[in-house]
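Worksheet: the structure to be examined is printed underneath.
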Amino acid sequence: MATSPLAGKPAPKKLLVDLGRLEREYYGRSPEMDDAAQRVAFGTSGHRGSSLRGSFNEAHILAITQAICEYRAGQGIDGPLYMGKDTHALSGPAQRTALEVLAANGVTTVIQRGDGYTPTPAISRAILACNRGRREHLADGIVVTPSHNPPEDGGFKYNPPHGGPADTEATKRIEARANELRAAGLRDVARWPYARARAAATTRRFDYLS
C-alpha cells in the first residue's frame with residue numbers, strides 16, 4: 001500500500017470539517033422521503049450517512065431507535081441495551097437522540113460513565129458477558145459509529161444478543177419500519193426530553209473501558 005503524501009503533516013484546510021455545521025444540519029435538516037439517498041438504509045448492521053447530505057439526521061435516528069425498540073420487543077428481548085459511541089462528530093448528537101427514544105420506551109439503557117467514548121468491541125463484550133448462561137432477559141446493544149467512514153459521517157448499528165452485527169433479516173425489518181415511521185411524520189415515535197431521559201431510572205452508567 002502506498003504511503004499518503006499527507007502522512008505526518010497537518011491536514012489541508014480543504015479536508016477539514018465544519019463541526020458546528022454538521023450538528024446544525026443534524027438537528028435542522030429534514031431528509032426528503034422521495035430521495036432514495038436520504039431514506040434509512042442499512043448496510044453492514046447499520047445506517048450510515050452525513051447530515052450535510054440529508055442521510056444522517058435526527059429524523060433518521062428517531063425512527064431507527066423506535067424501530068429497534070419495537071423489534072426487540074417483538075423478539076422477546078427485554079434485558080439491558082448497551083449503547084456506546086465513537087469520536088465522530090455526529091455520534092454524540094445521535095446517542096442523545098437515541099437515549100430520548102429508548103427512555104420513553106422503557107428500555108434499560110447502559111451508557112459509558114462520564115459520557116465517554118466506547119470502542120465497538122467493548123459493547124459486544126458487555127452483551128456477551130450479560131447473556132452468559134442466560135435464557136431470558138437477554139441483552140443487546142447499539143453502537144453509534146460509521147466505522148472507517150470520513151469525519152463528516154455518522155453511523156448507527158444494532159447488535160442483537162449474540163453480540164455481533166445484526167443479520168440481514170433483522171436489519172431489513174428495522175429499516176422498513178424506520179422508513180414507515182418517517183413517512184408517517186414520526187407520530188408513533190415515543191420520545192422524552194433529553195434531561196428527563198438522562199435522569200430516568202432506566203438510564204444506567206457503566207465503565208466499559210475498565
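The values are calculated or read from the model by the stated rules, or taken from the named source; none is laboratory data. Model, not experiment: these values are computed from the prediction. Cβ sites come from the backbone with ideal geometry, for glycine too, and all protein chains shown count toward neighbours. Accessible surface areas use protein heavy atoms only, side chains included; no ligands, DNA or RNA. Shrake-Rupley method; radii C 1.70, N 1.55, O 1.52, S 1.80 Å.
Data table
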| item | result |
| --- | --- |
| Residues that are among the charged types (D, E, K, R) and open to solvent by less than 30 Å² (accessible area, probe 1.4 Å), drawn from the stretch 158-205 | Arg182 |
| Qualifying residue in the stretch 57-65 (condition: under 17 Å from Tyr208 (Cα atoms) and out of contact with any Leu (no Cβ under 8 Å at 6 or more places or on another chain)) | no |
| Test: residue in the stretch 122-142 that is within 11 Å of the chain's Cα centre (by Cα) and within 19 Å of Pro165 (Cα to Cα) | yes |
| Hits in the stretch 1-33 (condition: within 19 Å of Ala89 (Cα to Cα), open to solvent by 70 Å² or more (accessible area, probe 1.4 Å) and either touching a strand residue (DSSP E or B) at 6+ places or on another chain (Cβ under 8 Å) or charged (D, E, K, R) (or both)) | Lys13, Lys14, Asp18, Arg21, Glu23, Arg24, Arg29 |
| Selected residue (criterion: farthest from Thr171 (Cα to Cα)) from residues of the stretch 1-57 that are hydrophobic (A, V, I, L, M, F, W, C) and not in a loop (DSSP other than H, G, I, E, B) | Leu15 |
| Hits in the stretch 148-193 - residues which are hydrophobic (A, V, I, L, M, F, W, C) and either over 20 Å from Arg48 (Cβ atoms) or in a loop (DSSP other than H, G, I, E, B) (or both) | Ala166, Ala183, Ala184, Leu186, Val189, Ala190, Trp192 |
| Residue within the stretch 81-101 that is open to solvent by 50 Å² or more (accessible area, probe 1.4 Å) and either acidic (Asp, Glu) or in contact with a strand residue (DSSP E or B) (Cβ under 6 Å, 6 or more places away or on another chain) (or both) present | no |
| Test: residue in the stretch 44-55 that is loosely packed, with under 11 Cβ neighbours inside 10 Å and out of contact with any Lys or Arg (no Cβ under 7 Å at 6 or more places or on another chain) | no |
| Counted residues, the stretch 125-157 - those being surrounded by 13 or more Cβ atoms within 10 Å (Cβ to Cβ), over 19 Å from Gln75 (Cα atoms) and out of contact with any Pro (no Cβ under 8 Å at 6 or more places or on another chain) | 11 |
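Yes/no per residue for (1) in contact with a strand residue (DSSP E or B) (Cβ under 7 Å, 6 or more places away or on another chain); (2) within 18 Å of Ala41 (Cβ to Cβ); (3) modelled with pLDDT of 95 or more:
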site	(1), (2), (3)
Asp153	yes, yes, yes
Leu181	no, yes, yes
Pro193	no, no, yes
Arg196	no, no, yes
